[in-house]
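Laboratory data are not the source of any read-out in this text; all were calculated from the coordinates shown. This one's a predicted model, so the numbers in the text were calculated from it and none came from an experiment. Don't worry about glycine lacking a Cβ; one is built from the backbone with ideal geometry, like all the others, and counts go over all protein chains shown.
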Number of protein chains: 2
Amino acid sequence: MASARVSKTKTAIRNAALELFAVYGYKGTSVRKIASKVGIRESALYNHFKNKEAIFLTVCADIFTTPFSKKNIQEEAKKGKKFLANFVVQYKLVSFDANKEKLFRIMMIELLQDQTLRQNFLNEFHHHNITLLSEAFFVMMQSGLIRSSDPMFMANEFLAPLFYYRLQITLFRIDAEPTTALSTLFEKHVDFFWESVIV
Amino acid sequence: MASARVSKTKTAIRNAALELFAVYGYKGTSVRKIASKVGIRESALYNHFKNKEAIFLTVCADIFTTPFSKKNIQEEAKKGKKFLANFVVQYKLVSFDANKEKLFRIMMIELLQDQTLRQNFLNEFHHHNITLLSEAFFVMMQSGLIRSSDPMFMANEFLAPLFYYRLQITLFRIDAEPTTALSTLFEKHVDFFWESVIV
DNA sequence: GTCTATAATATGATAGAC
DNA sequence: GTCTATCATATTATAGAC
């Protein structure tokens, strides 16, 4: 199997780096600290990765993998509110997933400093979701489920609060504050939004 | 006047630091680079500031000053949509203000790394606006302008897209991409939101 | 594949002459 | 208030023994 091709030490470095990058960012994480967390010397680390940037790129490799597929969007969108509720359930799951949360932290820290990451965010993360939701809203309009309007703007209005709530959850969790109050916002958002677009 | 108490060099350091922090963040900005931008040596810089952190704190001093006051909120809120439109105009002006944009960049870069800044964001920035908007929506509900619901949740739904649009503007401007398409989102948001809450 | 040793550079900060 | 000189430390990365 493919995963056996990655050595134990390399995986350990990746995991240690993920933890540190998520807390201290790229510049705040030294190769020394990563090696120390793994339990090896810096020099040993260079047997597995070319340099610090290579570690970072490996860690960030699946930062923009998304659970939202455009498969059967034409059929799925006809479910109306049910489709939106499903979307939000996925979004919420991702928001509370420990591993995804670390990647989200890295993304937020480096978003304004790393051009490649920023462009991936806008293309893979934002634009991907906006086009998917736009298509869904377009179908819903044609099906007479929701009122006619600009599907892309609707997509923005639907997506924006989800992102804001996710950011808040992330900030709260950094300081180990409870997120129960925030947790319910997702479902309330679907209800509120649906009421505002339904015919 | 009070501003005369701050020397020219100290102001120059502050401005140079603002530019650099906004692009490279705290860790990515060295005292050397700040001094170099001002045109003096590092050592001379320490005659004006105790250390690097003191420069950062001075730069960040008015990062959370807000144009949104709770004054006359009872009266202002009765204007309904007009109140929301005014709020968004202010928010939009801040989003496109060059100086405020730099401070917003610093805030976004350090938000996940600096606990003090993060707590100020949640208290001064988020919570301040949420309570202000909550009060306004409460008044609007009592005045029969909008449908009865949870004012605080409504405030979240109203504020979240504004933040998301501002973040997008900031990201676009870093890469010198045009923001005209984003510019109209603010007004459209007010229209869309008002339609969804109006009785 | 890991270690010690080391290089080259960058960093925050201070001492003391002018 | 600025300069030169210097320090202590941290950083990324490499060389070569085991």
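Using only Cα atoms, tell me the angle between helix A:8-28 and the longest principal axis of chain A; keep it within 0 to 90° and round to the nearest 10. Here the helix axis deviates by roughly 70 degrees.
Between A:SER149 and A:LYS37, what's the calculated FRET efficiency when r is the beta-carbon distance and R0 is 51 Å? Round to 0.05. The computed FRET efficiency comes out at 0.50. Helix B:98-110 and the longest principal axis of the C-alpha atoms of chain B enclose an angle of approximately 80°. Working from label points 7 Å from Cα in the Cα-to-Cβ sense, the A:HIS128 to B:LYS79 distance is 4.3 nm. In this simple spin-label approximation, B:VAL6 and B:ASN72 carry label points 7 Å from Cα along the Cα→Cβ vector, and these lie 3.0 nm apart.
Mind jotting down the distance between the C-alpha centroids of the range A:52-76 and the range A:123-199, whole Å? Between the Cα centres of the range A:123-199 and the range A:52-76 lies a distance of 19 Å.
Among the residues of B:162-172, the average count of other protein chain beta-carbon atoms within 10 Å of the residue beta-carbon is 4.
Distances from A:ALA176 to itself in the other copies, using label points 7 Å out along the Cα-Cβ axis, amount to 4.7 nm in increasing order. Selection among A:CYS60, A:LEU185, A:THR170 by position relative to the dipole of chain A gives A:CYS60 as farthest towards the positive end (Cβ unit charges, Cα centre). Closest approach of any chain A Cβ to the axis that rotates A onto B belongs to A:SER196, 1, distance given in whole Å. Between B:GLU187 and B:PHE64, what length comes free when the chain is fully extended (0.36 nm per residue of separation minus the Cα-Cα distance, one decimal in nm)? Additional length available on full extension: 41.9 nm.
What separates the B:LYS78 label point from its copies, with the point 7 Å along Cα to Cβ, is 5.2 nm, written shortest first. Computed from Cα atoms, the angle from the helix B:185-197 axis to the main principal axis of chain B rounds to 30 degrees. Across q = 0.07, 0.08, 0.10, 0.14 Å⁻¹, the protein assembly as shown modelled as identical point scatterers on its alpha-carbon atoms has Debye log10 I(q)/I(0) values of -0.38, -0.50, -0.76, -1.33, in the order of the q list. Loop-located trypsin sites (Lys or Arg not before Pro) across the range B:1-82 with a Cβ neighbour count of 10 or fewer within 10 Å are B:LYS50, B:LYS71, with loop assigned by DSSP. All distinct Cα pairs of the range A:59-197 go into the 1/r average, and the inverse of that average, the Kirkwood radius, is 15.8 Å. FRET efficiency for the pair B:ALA54 and A:GLN142, taken as 1/(1 + (r/R0)^6) with r the Cβ-Cβ distance and R0 = 51 Å, rounds to 0.25. Measuring from a point 7 Å past the Cα of B:VAL199 along Cα-to-C-beta, which residues in the range B:73-97 have an amide N at less than 17 Å? The answer is B:77-82.
Starting from the label point of B:ASP150 at 7 Å along Cα→Cβ, the same points in the other copies fall at 3.0 nm, in ascending order.
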